[in-house]
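Some notes on the structure that comes next.
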């Protein structure tokens, strides 16, 4: 919303400076987005008089002028054809910045003659496009400031423009009067009374208006009147200047008048060319499928239920949003039908959005205009039409009635102070509300008709607070809720998430934050892509579906990094994945990928492609860090994006999966444009059981002083025997004595023959009561061999 | 006997390696060595002679043994020195490579924020990111068809065929967590709610996903002046600048009344932003007193309870504090960016240790 200071002064009697007005606006909640003040650019220039103008000795087109200035006579070389003796000019001196040519002047020599300044054209001062000659003023004294002369003689040229952002709750501030009212309440001047107009009609309007019964709820009021014999044409210069200043294009007097009311009083109006209206006007709901070419020359097709205005030939106007081109006013219009109506805001918003029309009318009608101003608006606009275009008005036709929006709320002045935390005396609170148009009676504040946003006592608090100025608010300490050492604030899950995150970063992974939505193909590849996870309005097809897994986002990140020349990567993310479209269908996961090699090339030959066991070590580290039990079940039934033979899930039994690790399927990697190998791990953070017992004790340490003994065994087993079975069998041979079983070697093929492998384990025996004898050791060794044999069919390697 | 002593002490001193030393030991103090032979002669002596010679021989044996031991260790030291002289390495060669992980600035800054608010007694609340229309809008006093809704650039979910509920949305702010937290815990309550939020906007300064932290404090007598104090304390602690000043400016949010936008004093001198000094103001967050309708939606009696809420951008706070120029880069996962702007795994922000290193 833009307004000029002179426009503001139509409504506000004030001597406040532009800066004070702007500061007050911002503080009141009408945030200033820009100030355009011609005074800032023209302030340096003064008036001067040309005493003589001689032809330049070396140039036919130049004149050497002697100019009388407030600093004495100066010589100025000038090329303008109208530079001549006796005229009053606008002088720019050396050191002045001339905006139109973007130059700061200095004393210069022009063809051998020194020139001490310049006499400016309108274009050089950005006053207009005029550049046929220098400015000649009809009046003014030498040394007078040019801006002062303009203010006195041509004020629109120095009218500062302020642009403010209007929050959706303040439709009244979409009119200059609303802004003036706020400023007056703040004490920046006095609100001028609104001029009342009453233009008597000279007979009934030949055009009648009706509202269909089923439409009355969405359109309670329509007023109109015919004005015949008008002379349309360009509007007067002052009106054009105003509209231009706030960013509108002057069209014709009739249209400019409606735009004037839109910006002056937040009062959209419409004018029909009465000669193009066939029969009466009828406000009704569209059947659906009808079309109309709007004033913006675009064709609109209506949905059933949209509120429109028709004549005998069909729809002529989109009520409260935009008029139709066929009945629009032109320079030739002689009979005009003026409309002022009050529409339901929701209906306007819905229709405007569906038709994608962003007009000034829609903007205001969907935020809410003043219903009480409907009748006065007709009169005031009629008066203005008569003033500018002449004509003869009919009586006013009325359909529907002014809706009753009167309401009042209790003003609890103590509550205001308690909420805001500022000392605002009760009298001041009442005065503020009164200045804003509220009527205070018996402790109740009656809301003015132009404030649809005020819907309860809380809104009164806001009005009082913003006028009192929140800038003045001083912070007051807020006591802690509890005395003493602050309690921990994170939930077990939040702590777990942090622990997992920092564990993985400590393992050398770089944390990423990728978008929660991905493209459909990637979503489908990783188990998602269901219809309910699709956004209705994605900003691009790359971001259309909620991610079912963190893997695709990380793989896309890997691909981008590989394109930049980083081939070996360790990336991870902690974040939500989505199993469906309902709010509860999400879960927090941590997922990491290792891509390429373990590290850069080195002298140690340690560099190798990443493999499943890297991912396994990392998933185990995460699970341990968040308190998962040490013994987990391996499940080999994997989703399609994992390598079928080189991956597994880890769970508390086959149904309760905590995580997964392994190599990704080569096809999945290729489809994501990543150069592999890629191994990955993923942990369902919330699935790991949370500790039940609340207590910090650890239990006693059972360390024995007796010497432990280690014995190695190598078993030959079938190649598909899983090491875990062998280890578990060995460990089960004597649970009291065997402290640990570890696989330290695997050998496949060779002398063992096809389909066989050797697994070497080391068993650590920890006696508790007495040192082990050879006999004890032999006994347990025999039992280990027996148990392993039974469980795996393995035999000791000869 | 003195000759014997001198002979072996000299021999030990002259020995050049362990073998020579062992030969000397056998010759001197071995079972058949010269000292042993002398010991045998003791039997032939008178008791008086024996009393003199015996201790002397024992002392001699001890002396030779010690000399041998000392020489042995000297030889070992010399041999070690010699070995070490040959074991020179070029220590400027690179060490064994180790991957260096990092924590994303969003995570780090979120932890910083919760450390500060935790100290002030705010717990951390969470909520879903696919949110029902009611939690994201209605409960927050944003009625259907209200311009505020359309101005929010909301992402809508596709509802299953035949499902007539209003479509779910990707939460446009963390404010729905206010409602969920109050419904769960009632009043009094102090929570912050950090997390991902979504708006359909993508340009130089906007990404369709970003992060907000919501704050909510409800009690019997919490005022807007308390809100200002809490935010000022927060900003001073977070930016680690004591002189930070905030300015409240009236504004409008449907879920608060009165509402204020909050500006931070700053200077742009020389094109660089400095907080806590200068004459400019930069908007950093929105806040206000929780609207009675919002309290009511969440089952809290607005006549008995009052309090404030605020919301600010975590990404924005991170950019301001750590001088990160481009929001879009947060979500690009460029390894160079992650390493440059990321934090070490063990760099955990705490109130006692300070937030940044």
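Quick look at the numbers
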| item | result |
| --- | --- |
| Filter pass, residue A:330 being in contact (Cβ under 8 Å) with a residue 12 or more places away in the chain, outside any helix (DSSP H, G or I) and either out of contact with any strand residue (DSSP E or B) (no Cβ under 6 Å at 6 or more places or on another chain) or within 14 Å of chain B (Cβ to nearest Cβ) (or both) | yes |
| Options B:200, B:144: the member that is assigned to a loop (DSSP other than H, G, I, E, B) and closer than 19 Å to residue B:256 by Cα | B:144 |
| Any hit, segment B:227-249, residues being within 26 Å of residue B:183 (Cα to Cα) and in a strand (DSSP E or B) | no |
| Residues satisfying the stated conditions in segment A:455-466, i.e. surrounded by fewer than 24 Cβ atoms within 10 Å (Cβ to Cβ) and more than 7 Å from chain B (Cβ to nearest Cβ) | A:455, A:457 |
| Considering residues of segment B:250-300 that are over 23 Å from residue B:136 (Cβ atoms) and without any contact (Cβ under 8 Å) to a residue 12 or more places away in the chain only, the residue farthest from the chain's Cα centre (by Cα) | B:250 |
| Subset of segment B:119-150 (residues that are within 7 Å of chain A (Cβ to nearest Cβ) and either in contact with a strand residue (DSSP E or B) (Cβ under 7 Å, 6 or more places away or on another chain) or without any contact (Cβ under 8 Å) to a residue 60 or more places away in the chain (or both)) | B:121, B:122, B:123, B:124, B:128, B:129, B:130, B:131, B:132, B:145, B:147, B:150 |
| Residue ID - farthest from the chain's Cα centre (by Cα), chosen from residues in segment B:335-345 that are facing chain A (nearest Cβ under 7 Å) and part of a loop (DSSP other than H, G, I, E, B) | B:342 |
| The one condition in (1) in contact with a helix residue (DSSP H, G or I) (Cβ under 7 Å, 6 or more places away or on another chain); (2) more than 7 Å from chain A (Cβ to nearest Cβ); (3) not in a strand (DSSP E or B) that residue B:174 fails to fulfil | (1) |
| Segment A:242-265: number of residues that are part of a loop (DSSP other than H, G, I, E, B) and in contact with a strand residue (DSSP E or B) (Cβ under 6 Å, 6 or more places away or on another chain) | 2 |
| Test result for residue A:183, modelled with pLDDT of 95 or more and within 20 Å of residue A:279 (Cβ to Cβ) | no |
| Scan of segment A:1-60 for residues that are without any contact (Cβ under 8 Å) to a residue 24 or more places away in the chain, more than 34 Å from the chain's Cα centre (by Cα) and assigned to a helix (DSSP H, G or I), ordered by number | A:9 |
| Hey, residue A:351 assigned to a loop (DSSP other than H, G, I, E, B) and in contact (Cβ under 8 Å) with a residue 40 or more places away in the chain or not | no |
| Residue B:307 part of a strand (DSSP E or B), more than 10 Å from every other protein chain (Cβ to nearest Cβ) and under 30 Å from residue A:456 (Cβ atoms) | no |
| Hits in segment B:177-191 - residues which are touching a helix residue (DSSP H, G or I) at 6+ places or on another chain (Cβ under 9 Å), more than 8 Å from residue B:125 (Cβ to Cβ) and not in a helix (DSSP H, G or I) | B:187, B:189, B:190 |
| Lone unmet requirement of (1) more than 10 Å from chain A (Cβ to nearest Cβ); (2) surrounded by fewer than 24 Cβ atoms within 10 Å (Cβ to Cβ); (3) on the phi < 0 side of the Ramachandran plot for residue B:186 | (3) |
| Qualifying residue in segment A:188-197 (condition: farther than 27 Å from residue A:378 by Cβ and in a loop (DSSP other than H, G, I, E, B)) | yes |
| Residue within segment B:313-336 that is touching a residue at least 60 places away in the same chain (Cβ under 8 Å) and within 20 Å of residue A:466 (Cβ to Cβ) present | no |
| Condition check for residue B:295: within 25 Å of residue B:218 (Cα to Cα) and either part of a helix (DSSP H, G or I) or modelled with pLDDT under 95 (or both) | yes |
| Flag if residue A:583 is touching a strand residue (DSSP E or B) at 6+ places or on another chain (Cβ under 9 Å), without any contact (Cβ under 8 Å) to a residue 12 or more places away in the chain and within 7 Å of chain B (Cβ to nearest Cβ) | yes |
| Among the candidates A:395, A:442, residue that is free of Cβ contacts under 8 Å to residues at least 24 places away in the same chain and surrounded by fewer than 16 Cβ atoms within 10 Å (Cβ to Cβ) | A:442 |
| Segment B:212-226, residues that are surrounded by 21 or more Cβ atoms within 10 Å (Cβ to Cβ) and more than 8 Å from chain A (Cβ to nearest Cβ) | B:212, B:213, B:214, B:215, B:216, B:218 |
| Conditions (1) part of a loop (DSSP other than H, G, I, E, B); (2) in contact (Cβ under 8 Å) with a residue 12 or more places away in the chain; number of the one not met by residue B:91 | (2) |
| Residues of segment A:468-490 classified as more than 7 Å from chain B (Cβ to nearest Cβ) and either free of Cβ contacts under 8 Å to residues at least 60 places away in the same chain or closer than 30 Å to residue B:97 by Cβ (or both), total | 8 |
| Residue in segment A:561-569 that is at pLDDT 95 or above and buried (at least 22 other Cβ atoms within 10 Å of the Cβ) present | yes |
| Conditions (1) within 12 Å of another protein chain (Cβ to nearest Cβ); (2) touching a residue at least 60 places away in the same chain (Cβ under 8 Å); (3) surrounded by 22 or more Cβ atoms within 10 Å (Cβ to Cβ): number failed by residue B:196 | (3) |
| Single condition residue A:578 does not satisfy, out of (1) surrounded by fewer than 24 Cβ atoms within 10 Å (Cβ to Cβ); (2) touching a residue at least 60 places away in the same chain (Cβ under 8 Å); (3) at the interface with another protein chain (Cβ under 10 Å from one of its Cβ atoms) | (1) |
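One line per residue, one yes/no per condition, for (1) more than 9 Å from every other protein chain (Cβ to nearest Cβ); (2) crowded, with 20+ Cβ neighbours inside 10 Å; (3) more than 30 Å from residue B:187 (Cα to Cα):
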position: B:257; (1), (2), (3): no, yes, no
position: B:262; (1), (2), (3): yes, yes, no
position: B:299; (1), (2), (3): yes, no, no
position: B:312; (1), (2), (3): yes, yes, no
position: B:328; (1), (2), (3): yes, no, yes
position: B:356; (1), (2), (3): yes, no, yes
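The values are calculated or read from the model by the stated rules, or taken from the named source; none is laboratory data. This one's a predicted model, so the numbers in the text were calculated from it and none came from an experiment. Positions of Cβ are backbone-derived with ideal geometry, glycine not excepted, and every protein chain shown enters the neighbour counts.
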